[in-house]
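Working notes for the structure below.
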Amino acid sequence: MTTLPPAAALVAAARPPCLRSSDLFFSMNLSQICLVSRTVGRHRVVGGTNLIQFSCARATLFALVFRVPLSTGRAPSSSPPPPPTAAAHPPVAALSSAEVFSPTTNDSTNPLSSLLPLSLNPLNATVDLITSRLKQQQQQQQLYDDELGGGGGELLEAHLLPFLRPQEVSRILLRCQSLPLASLRFFRWTQSHVLPSPHNFALLAHILASSAHSSQTLCILSDFVRTYNHVDDAFQALLSAPAFCCNGHPAVFGMLVKVYTKLGRTSDALETCRRAIELGFVPDAEAFNCLLNSLAKSRSLDLCWDLYGEMRRIGVPLNSYTFNILIHALCRGSSKEGIRAEDFLEEMESEGFDPDVITYNTLMDGYCRRGMLEDAFHLYRIMRYRGVEPDLISYTILMNGLCRDGKVIQARQLFDTMLRRGVCPDSRSYNVLLNGYCREGKLKESKLLVQEMISGGLMPDDFACSTIVEAHIKGGKLLRCLNLIALLHKIGIIISVVVYKCLINALCTEGRPSAARSLLKQMQVDGYEPDLEIYNSLMDSFCKCKSLESEALALKNEMVGKGIRPDIVTYQILIKCLCRSGKTFEGECLMKEMIKWDIQPDPGICAALVGGCCEKRDLAKAESLLVYFAEKFQIYENNGYNSLIRFLMMKAQTRTLPVENLEGSKGLGDVANAHRDPDQSDGVSETLGNSIYY
């Protein structure tokens, strides 16, 4: 019988270096293993990482003794083990503790933890260690930087993560219920490495809600519903969390309704609200108001009234915000709903709620949108009579209603009344009055209002500048508008790219491309880059002026140099211009270029090229162009065929008429050309010089 080796030798055999030799462990009997296990237990260092390392070593020892594979949970066999072979038993060095409890190990199927006593279980040791650390940090007042607990660096050592499963996260959260902020920081630390379960989210939400940390609770619930999209996951998890000795708080269900509403999931918010009411967890008035506001914005008025009726049925305390939401929804509905808003206002007063300035503003805005100015001003007088002083929004709403009705003089009088009562105007109120002046064509008054606005310390915004420019262009006062914009630019007001484009297009329309080009340079100085639309407008304006084709081509080259690709409109403008000037060869070159850009010619370009060739009496090329467009692009341009037929007939008549009538036939040809539409007969084709397209 083999004698037992000394305990010291067995302890040494349990150390990781000896784990690399499999012969010793597979030759030991159960008594030897028990002695080694007890020795390891007596000499372990209790607490912290050493306990976890010794637990891992002891678990590895059990796995080697019982021949339990790490990936399965098979029990040891009662039959004698087969003799060890090299193939059946690989080197034990591959079964180190780091690999047994690696992050890729599935702890739910690993039997090693269940073989250990509770005091030596590495999962239990991890829970104890983290809980102790969290309490220590709470005592030392190591608060994280922001409300989400994202600051402060790493909370714990990363090698503890392999021992954290959702079950361990829940155990730690339950132990730290009295430490809500520390629990939140721990959760954020684990969330970056381990996917939390619905139960983890629910526990933390209850813990934070019980400690009156509403903003943090909303953030956790928002992460919850984004991670687990189905509505049942969040609701059932929150419902079952108090069963696990968690201090549940019913406010989490109202917060869940608000989270769904803010994420735009109104149907899920309604379903959560309904289920919470059925179970007796009634959301608060704030949650109902969020849901009402969401329904009102989506114009679901029937659901709004159903929800309002449910609030009254279950006794949810109403407030002025609730009534304002419903009045706002009703005022934006049909005219019948506007009448209902008046009844609802009376109901609000009968409930003991005095309408505030928001309530009156909502009703006045509804009246002004329907053109009911008399009712709006009647309400304005009532609110002042009841001691509710109109604010800036009140006056702006009434001025806007007057300007819409063409009563800009009355709007100006109300503006002056507002100033006398000490209400300071803002950009919105000035813009309302400025828009009213521009609609009526009162350009002088609009300019004076802009000067008044600047003297009051307010700078005109994009809306104000655009309104002034459009009004001056519509009134034919482009030069005055340019001077005003130059003055605004000189005093430091930023001119938007929209205003520049509007002015450039207006100059191009009036046939002043050189002035438009100068304004384009100023636009580039201000940091704006022109787009394809601006370049096309400038090129078209240059092409409509005589002897300025070179300027248009220079703009096209500048545009290409900036990486802006020409389109079909660009080539239409340039090719038609060249053909009108008799430069059909240059037009053909541009056509060849556009085909290289994979831009297919259109019938207008075909007509321009054929018409240009006919004007130069190159009828053979005109005929070849028609054949080329028909065969390659399936373009059959009637104006091109008509032009070619006319010139062919003229040529035939010239050959048959007497010499004394030749000059008369030329006159007939000129008359025919005079009646021909130049735009319809101008165009370009892809050709190589004077080649024929046969």
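The values are calculated or read from the model by the stated rules, or taken from the named source; none is laboratory data. Owing to the predicted nature of the structure, the values given are computational and were not obtained by experimental measurement. Don't worry about glycine lacking a Cβ; one is built from the backbone with ideal geometry, like all the others, and counts go over all protein chains shown.
Checked against (1) touching a residue at least 24 places away in the same chain (Cβ under 8 Å); (2) in a loop (DSSP other than H, G, I, E, B); (3) out of contact with any helix residue (DSSP H, G or I) (no Cβ under 8 Å at 6 or more places or on another chain), Gly457 meets all criteria but (1). Among the residues of the stretch 491-500, none qualifies, meaning not one is free of Cβ contacts under 8 Å to residues at least 60 places away in the same chain, surrounded by 18 or more Cβ atoms within 10 Å (Cβ to Cβ), touching a helix residue (DSSP H, G or I) at 6+ places or on another chain (Cβ under 9 Å) and under 21 Å from Ala608 (Cα atoms). In the set Ile468, Ile491, Ile473, only one residue is out of contact with any strand residue (DSSP E or B) (no Cβ under 6 Å at 6 or more places or on another chain) and at pLDDT below 90; that residue is Ile491.
What residue, of Cys273, Cys290, is assigned to a helix (DSSP H, G or I), in contact with a Lys or Arg (Cβ under 6 Å, 6 or more places away or on another chain) and not aliphatic (A, V, I, L, M)?
Working: Cys273 fails: in contact with a Lys or Arg (Cβ under 6 Å, 6 or more places away or on another chain).
Answer to the check: Cys290.
Considered as a group, the residues in the stretch 248-282 that are surrounded by fewer than 17 Cβ atoms within 10 Å (Cβ to Cβ) and small (Gly, Ala, Ser) include one that is nearest to Leu204 (Cα to Cα), and that residue is Gly280.
Mind checking whether some residue in the stretch 502-510 is among the acidic types (Asp, Glu), closer than 27 Å to Lys546 by Cα and either in a helix (DSSP H, G or I) or out of contact with any Cys (no Cβ under 8 Å at 6 or more places or on another chain) (or both)? If you could, list the steps in order and put the result at the bottom.
From the stretch 502-510, those among the acidic types (Asp, Glu) are 510; that's our starting set.
Right, trim to closer than 27 Å to Lys546 by Cα and you get 510.
Pick out the ones that are also either in a helix (DSSP H, G or I) or out of contact with any Cys (no Cβ under 8 Å at 6 or more places or on another chain) (or both) and you get 510.
Yes, the conditions are met somewhere in the stretch 502-510.
Looking only at residues of the stretch 591-605 that are within 19 Å of Val560 (Cβ to Cβ) and among the charged types (D, E, K, R), we find that the one that is surrounded by the most Cβ atoms within 10 Å (Cβ to Cβ) is Glu593.
The residues of the stretch 179-211 that are in contact with a helix residue (DSSP H, G or I) (Cβ under 9 Å, 6 or more places away or on another chain) and not in a helix (DSSP H, G or I), listed by number, are Leu179, His193, Val194, Leu195, Pro196, Ser197, Ser211. The residues in the stretch 419-444 that are surrounded by 15 or more Cβ atoms within 10 Å (Cβ to Cβ) and assigned to a loop (DSSP other than H, G, I, E, B) can be counted, and the count is 4. Taken as a whole, the structure leaves Leu484 outside the set of residues that are assigned to a helix (DSSP H, G or I) and free of Cβ contacts under 8 Å to residues at least 24 places away in the same chain. Is there a residue in the stretch 582-590 that is surrounded by 24 or more Cβ atoms within 10 Å (Cβ to Cβ), hydroxyl-bearing (Ser, Thr, Tyr) and over 20 Å from Asn557 (Cβ atoms)? Scanning the stretch 582-590, I find at least one residue that is surrounded by 24 or more Cβ atoms within 10 Å (Cβ to Cβ), hydroxyl-bearing (Ser, Thr, Tyr) and over 20 Å from Asn557 (Cβ atoms), so the answer is yes. All conditions in (1) buried (at least 16 other Cβ atoms within 10 Å of the Cβ); (2) of a type outside the set (A, V, I, L, M, F, W, C); (3) more than 30 Å from Ile130 (Cβ to Cβ); (4) modelled with pLDDT of 90 or more hold for Ser300, with the sole exception of (4). Within the stretch 217-240, residues that are farther than 21 Å from Leu184 by Cβ sit with their Cβ atoms under 9 Å from residues that are buried (at least 17 other Cβ atoms within 10 Å of the Cβ) and aromatic (Phe, Trp, Tyr), at 6+ positions apart or across chains, in these pairs: Val231/Tyr260; Phe235/Phe253; Leu239/Phe253; Leu239/Phe281.
All conditions in (1) within 16 Å of Lys562 (Cβ to Cβ); (2) touching a residue at least 24 places away in the same chain (Cβ under 8 Å); (3) of a type in the set (S, T, N, Q) hold for Gln524, with the sole exception of (2).
Here Ser466 fulfils each of the conditions (1) more than 27 Å from Gly527 (Cβ to Cβ); (2) under 32 Å from the mean Cα position of the chain (by Cα) apart from (1).
Assess whether Ala608 counts as being at pLDDT below 80 and either crowded, with 17+ Cβ neighbours inside 10 Å or not β-branched (Val, Ile, Thr) (or both).
On the way: at pLDDT below 80: no; either crowded, with 17+ Cβ neighbours inside 10 Å or not β-branched (Val, Ile, Thr) (or both): yes.
Considered against the rule, which asks whether it is at pLDDT below 80 and either crowded, with 17+ Cβ neighbours inside 10 Å or not β-branched (Val, Ile, Thr) (or both), Ala608 comes out as no.
Each residue in the stretch 161-181 was checked for being farther than 18 Å from Ala202 by Cβ, aliphatic (A, V, I, L, M) and touching a residue at least 60 places away in the same chain (Cβ under 8 Å), and 0 of them qualify.
Okay, residues lined up against (1) farther than 29 Å from Asp284 by Cα; (2) assigned to a helix (DSSP H, G or I); (3) touching a residue at least 60 places away in the same chain (Cβ under 8 Å); (4) of a type in the set (Phe, Trp, Tyr):
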{"position": "Gly352", "(1), (2), (3), (4)": "no, no, no, no"}
{"position": "Pro355", "(1), (2), (3), (4)": "no, no, no, no"}
{"position": "Ile382", "(1), (2), (3), (4)": "yes, yes, no, no"}
{"position": "Pro390", "(1), (2), (3), (4)": "yes, no, no, no"}
{"position": "Thr417", "(1), (2), (3), (4)": "yes, yes, no, no"}
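In the set (1) under 30 Å from Arg617 (Cβ atoms); (2) crowded, with 20+ Cβ neighbours inside 10 Å; (3) hydrophobic (A, V, I, L, M, F, W, C), Ile568 fails one condition alone, (2).
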